[in-house]
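Visitor: Quick one: this structure, given as structure tokens, is what I'll be asking you about.
The values are calculated or read from the model by the stated rules, or taken from the named source; none is laboratory data. Keep in mind that what you see is a predicted model, and the values were worked out from it rather than measured. Positions of Cβ are backbone-derived with ideal geometry, glycine not excepted, and every protein chain shown enters the neighbour counts. These area figures cover heavy atoms from the full protein model, side chains too; ligands, DNA and RNA do not enter into them. Shrake-Rupley method; radii C 1.70, N 1.55, O 1.52, S 1.80 Å.
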Amino acid sequence: MQHGKYRFIVGFLTAPLAIYGLFVIWPFIQSIYYSFTDWSGLSPEFKMVGFKNYTRLLDDEVFWKSLQHSVMLVVLLPLVTLTMALFFAFMLNVGGRRRKNAAIAGVRGSAFYKVVYFFPQVLSIAIVALLFQFAYNPNSGAINSFLKAIGLESVQPDWLGDPDLALWCIFAVLVWCTVGFFVVLFSAGMASIPKDYYEAALLDGANRITTFFRITLPLLWDTVQSGWAYVGILALGAESFAVVQIMTVGPGGPDYSTTVLPLYVYQKAFRDGQAAYATTIGVALLFVTLLFVAVVMKLGRRERLEY
């Protein structure tokens, strides 16, 4: 049985690792290389400039603004999204009233609510951004129209035109379009937890809050940790880029109040023709992403519980 085992494993791993190296690792290496050049992205000619792009990066006010916005999203988006998802999933699976045929049950209509929560995942992020762009319209949008309907004509914010509100509007859209996926994910995890644990806790006098923190959360911790890293990567990647690109003035405005790192990379590469500087920003984004994932894995490390 052991004869040829390693050749068998190597044979199966060679092709996937080669593809991964070619399409994932090699572009990272190229980006780091081009960050030391003056390549415009439009010409095959370039020359080495050393650390000039990195020196420029340290003095770039827009970069620091975009970094600040990205860090804000990567800290708050997982916190808010996963907290809401855990609450909704707990209510759908365990938080209902006791019934005759089950001591532990979710709220009535929980199957319907799961479909409703998951609905934003069916829509493309571009469609979601366009819908909320119309909703945030200060003149004819659904939000300001609702405020008028309830007698708040004096409260008509320019949601995406106000530098103090625009980023929070983007944040709300990102929460809306990501929380449903984790409600379904956590619901599946909670459904696999034996009901005997909850019933024993209730017999001992534990309430819903106690059962959540003593039973549900510890047994779901691996899923929560993975979700935390995943949502953070979304906040630093394509999800935030698409919403900001489609919804905001500029895009990235007003006054760079919604510019995030992925958008700034795109603008420098394709709008300004500064591909080398864009790769420099991309390298910074890579290190921010790796640092975030490392912190999440370090702080979230706990003893694995099995059931």
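Visitor: Please go through segment 28-45 and pick out each residue that is out of contact with any helix residue (DSSP H, G or I) (no Cβ under 9 Å at 6 or more places or on another chain) and modelled with pLDDT of 90 or more.
Guide: Once the filter is applied, which keeps residues that are out of contact with any helix residue (DSSP H, G or I) (no Cβ under 9 Å at 6 or more places or on another chain) and modelled with pLDDT of 90 or more, segment 28-45 yields only I29.
Visitor: Would you please name the residue that is most open to solvent (accessible area, probe 1.4 Å), looking only at residues in segment 38-58 that are among the aromatic types (F, W, Y) and part of a loop (DSSP other than H, G, I, E, B)?
Guide: So the residue we want is F51.
Visitor: With the structure loaded, tell me whether A229 is more than 23 Å from V107 (Cβ to Cβ), more than 24 Å from the chain's Cα centre (by Cα) and open to solvent by less than 50 Å² (accessible area, probe 1.4 Å) or whether it fails that test.
Guide: Answer is no for this residue.
Visitor: Scan segment 248-307 residue by residue and report those that are open to solvent by less than 50 Å² (accessible area, probe 1.4 Å), within 13 Å of G41 (Cβ to Cβ) and not in a helix (DSSP H, G or I).
Guide: Passing the criteria: only G273.
Visitor: OK, next. For A242, work out the one condition from (1) in a helix (DSSP H, G or I); (2) open to solvent by 40 Å² or more (accessible area, probe 1.4 Å) it doesn't fulfil.
Guide: (2)
Visitor: Turning to a different aspect of this structure: Can you say whether S124 is farther than 24 Å from V75 by Cβ and open to solvent by 40 Å² or more (accessible area, probe 1.4 Å), as far as the supplied structure shows?
Guide: Criteria met by S124.
Visitor: State the number of residues belonging to segment 149-170 that are of a type in the set (V, I, T) and open to solvent by less than 70 Å² (accessible area, probe 1.4 Å).
Guide: Within segment 149-170, residues that are of a type in the set (V, I, T) and open to solvent by less than 70 Å² (accessible area, probe 1.4 Å) number 2.
Visitor: Please indicate, with yes or no, whether at least one residue in segment 232-254 is more than 18 Å from the chain's Cα centre (by Cα) and among the hydrophobic types (A, V, I, L, M, F, W, C).
Guide: Yes - at least one qualifying residue is present in segment 232-254.
Visitor: Quick one: what pairs do we get from segment 51-78, first residue under 13 Å from G252 (Cα atoms) and among the hydroxyl-bearing types (S, T, Y), second open to solvent by 50 Å² or more (accessible area, probe 1.4 Å) and in a helix (DSSP H, G or I), C-beta under 9 Å, 6+ apart or different chains?
Guide: none
Visitor: Now a separate question. Can you tell me which residue in segment 194-239 is farthest from V283 (Cα to Cα), limited to those that are among the hydrophobic types (A, V, I, L, M, F, W, C) and assigned to a loop (DSSP other than H, G, I, E, B)?
Guide: A206
Visitor: Checking the conditions here, which among F112, F132, F119, F146 is assigned to a helix (DSSP H, G or I) and either in contact with a Pro (Cβ under 7 Å, 6 or more places away or on another chain) or surrounded by 13 or more Cβ atoms within 10 Å (Cβ to Cβ) (or both)?
Guide: F132
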